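See structure below.
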Amino acid sequence: MLQQFSWQHFLVAISLLTLIWYVAVILIFYRKELKSFLKGKPSEEPTDKPLPHYWDDKVDEFPVETDDDLMGKSKMPEGVSVIDMEELQFSEPEDKTEKLGLVSDVIEEIKLIFKILGQEDGNKQDFLKLIGEVKNRYPKIASSPSLPQINEFILSNASFHLSPEELEDLW
């Protein structure tokens, strides 16, 4: 049965149904606008005034907010101040960053030395030789304030005895 319809018949039927649909929508929903359009009068512009509601007489109108609150402006917490963007700066001494990086690098080198000594059954002389290379790579470590912590790390991880004099001579 569908083979009896051609594309031309289909398109004509769809066009007529679409036209009937839009005419019905215009007549139902846009009747006032259509009448004013046919009479040649401009359509009424919507106003910015809100629609009336039955509860309008029961609602108090709130005053427009101003800069001054009822209780005054809030106080900033102690130690906090408002500054311009140009005044903002972060200060951290470069030495602190370098020293922290230096100490962590030296400790990693010492961990590597202890690992090598453990794998190859190294002794005190091997340790002193390898730590000498670390000393040459990081000469600033001798003046580091973290040197006692580094020495304590060496004492706690060394498999041999080191005297305090030997520790002082390492750096």
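Any read-out appearing in this document is the output of simple, stated calculations on the displayed coordinates, not a laboratory observation. Here the structure is a predicted model, which means the values were calculated and not measured. Glycine gets a Cβ as well: all are built from the backbone with ideal geometry, and neighbour counts include every protein chain shown.
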remark   = So for the chain, using the alpha carbon gyration tensor with a ≥ b ≥ c as root eigenvalues (a/c under 1.5 gives rounded; past that, a/b versus b/c decides prolate or oblate), I'd call it oblate
message = To test your reading of the geometry: what angle, between 0 and 90 degrees and rounded to tens, separates the Cα axis of helix 147-157 from the longest principal axis of the chain?
response = 80
task = Treating only the Cβ atoms of Lys and Arg (+1) and Asp and Glu (-1) as charged, compute the dipole magnitude of the chain about its Cα centre; round to the nearest 20 debye.
result = 1640
note = Ranked from fewest to most other Cβ atoms within 10 Å of their own Cβ, PHE10, PHE127 fall in the order PHE10, PHE127
inquiry  = Quick check of the Kirkwood formula: for segment 110-171, what is the inverse mean of 1/r over all pairs of different Cα atoms, in Å?
reply    = 11.9
query = Hey, which lysines would be in cross-link range of LYS124, C-alpha to C-alpha under 18 Å, not counting anything within fewer than 8 residues on its own chain?
reply = LYS111, LYS115, LYS135
Theoretical ellipticity at 222 nm over the chain - DSSP helices of four or more residues, -39500 (n - 2.57) apiece, nearest 500 = -17000 deg cm²/dmol
